[in-house]
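The values are calculated or read from the model by the stated rules, or taken from the named source; none is laboratory data. None of these values were measured; they are calculated from a predicted model. In this analysis, Cβ positions are derived from the backbone assuming ideal geometry, glycine residues included, and neighbour counts consider all displayed protein chains.
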Amino acid sequence: MTMGALHEGHFDLVRRAADLAGPGGTVVVTIFVNPLQFAAGEDLEAYPRDLERDVDGLERVLGERGESTGRLVVFAPTTEVIYPRGEPGVRIDPGPLATVLEGRSRPTHFAGVCQVVLTLLNLTAPQWALFGRKDAQQLAIVRAMVQDLAVGVEIVPVEIRREDDGLAMSSRNAYLSARERQQALALSRALEAGAVAARSGGDARAVRAAALEVLEAADGVEVDYAAVVNPGTFEDLAGAGLGLAAGAARSADAPAWLLAVAARVGSTRLIDNTLILP
């Protein structure tokens, strides 16, 4: 499920989907810029759209696989198809997972995400649905929704694709000027600093502090948050009051910590994360 402006991170989802579907299967790629997940003043109108380019890229990626891939279906519906009654009368409540981190900065975002994801799952009825780990909180919320509402689909995570210099691929990177593009590398540097702190024996607070230090020292970077949370429940592990309080989410064993960061570079808001073995 995508909003278009496809890049290699999206194409990794498609490649993994083709692996799962096999030569006789069908890969469905949805392209829909969902208005419900944009708040007033966000970049709904500016969000890059180029359906012809996206389709060409998808055909190239699957064409490279030759006979090892099945059929490609691109589903690019209009808003009227997804929301036939206009403003939906029945809404999905994404629950407490949607109240922290991204949900604190964008309080209506995940309700809109859940609304469109459930609609697209109902319309396409896939066996698997693939989501990138870059949107880690979205991944956790979609997994919870699918489980709680008994949706018959397996959610498959796909690793973050990065540029050679470490910047996480994002459609919004297109907004960055050349200078901002360099400044944005502070996010991946912050994650590496946190990982180094963990490898040196640091606890979750030390990991967060190391990441935050890099972000706060970076030129042109306005920090939103740096947090260390349980990747399944988003329980705050660093005592910073950013994730859910202990006991506010369903318990889940977490073999790793999620170090998540968000910052604004110029007018562009960027997110990134990494899993850290404590």
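Pick from the range 125-170 the residues that are among the polar types (S, T, N, Q) and either touching a residue at least 12 places away in the same chain (Cβ under 8 Å) or surrounded by 21 or more Cβ atoms within 10 Å (Cβ to Cβ) (or both): which of them is nearest to Asn273 (Cα to Cα)?
Taking the range 125-170 first, the residues among the polar types (S, T, N, Q) are 127, 137-138, 147, 170.
Narrowing further to those that are either touching a residue at least 12 places away in the same chain (Cβ under 8 Å) or surrounded by 21 or more Cβ atoms within 10 Å (Cβ to Cβ) (or both): 127, 137-138, 170.
On the way: Gln127: 27, Gln137: 10, Gln138: 12, Ser170: 13 Å.
That would be Gln137.
Among the residues of the range 3-19, are any within 30 Å of Val229 (Cα to Cα), surrounded by fewer than 16 Cβ atoms within 10 Å (Cβ to Cβ) and at pLDDT 95 or above?
Within the range 3-19, one or more residues are within 30 Å of Val229 (Cα to Cα), surrounded by fewer than 16 Cβ atoms within 10 Å (Cβ to Cβ) and at pLDDT 95 or above.
Assigned to a loop (DSSP other than H, G, I, E, B) and on the phi > 0 side of the Ramachandran plot - does that describe any residue in the range 40-47?
So in the range 40-47, the residues assigned to a loop (DSSP other than H, G, I, E, B) come out as 40-47.
If we keep only those that are on the phi > 0 side of the Ramachandran plot as well, we get 41.
Looking through the range 40-47, at least one residue is assigned to a loop (DSSP other than H, G, I, E, B) and on the phi > 0 side of the Ramachandran plot.
Can you tell me which residue is surrounded by the most Cβ atoms within 10 Å (Cβ to Cβ) among those in the range 92-108 that are more than 17 Å from Pro157 (Cβ to Cβ) and touching a Leu at 6+ places or on another chain (Cβ under 9 Å)?
Checking each candidate, the answer is Leu101.
Kindly list, by first and then second residue, each pair from a residue in the range 7-26 that is under 28 Å from Pro48 (Cα atoms) to a residue that is charged (D, E, K, R) and in a helix (DSSP H, G or I), limited to pairs with Cβ atoms under 9 Å and residues at least 6 apart or on different chains.
His10/Asp54; Phe11/Arg60
Does Leu58 count as part of a strand (DSSP E or B), under 25 Å from Glu159 (Cα atoms) and not β-branched (Val, Ile, Thr)?
On the way: part of a strand (DSSP E or B): no; under 25 Å from Glu159 (Cα atoms): yes; not β-branched (Val, Ile, Thr): yes.
Here the answer is no, as Leu58 does not meet what is asked.
Those residues that are surrounded by 14 or more Cβ atoms within 10 Å (Cβ to Cβ) and acidic (Asp, Glu), I need them from the range 44-63; list them, please.
Asp54
Inspect the range 185-199 for any residue being more than 19 Å from Val229 (Cβ to Cβ) and either among the hydroxyl-bearing types (Ser, Thr, Tyr) or assigned to a loop (DSSP other than H, G, I, E, B) (or both) and give the result as yes or no.
no
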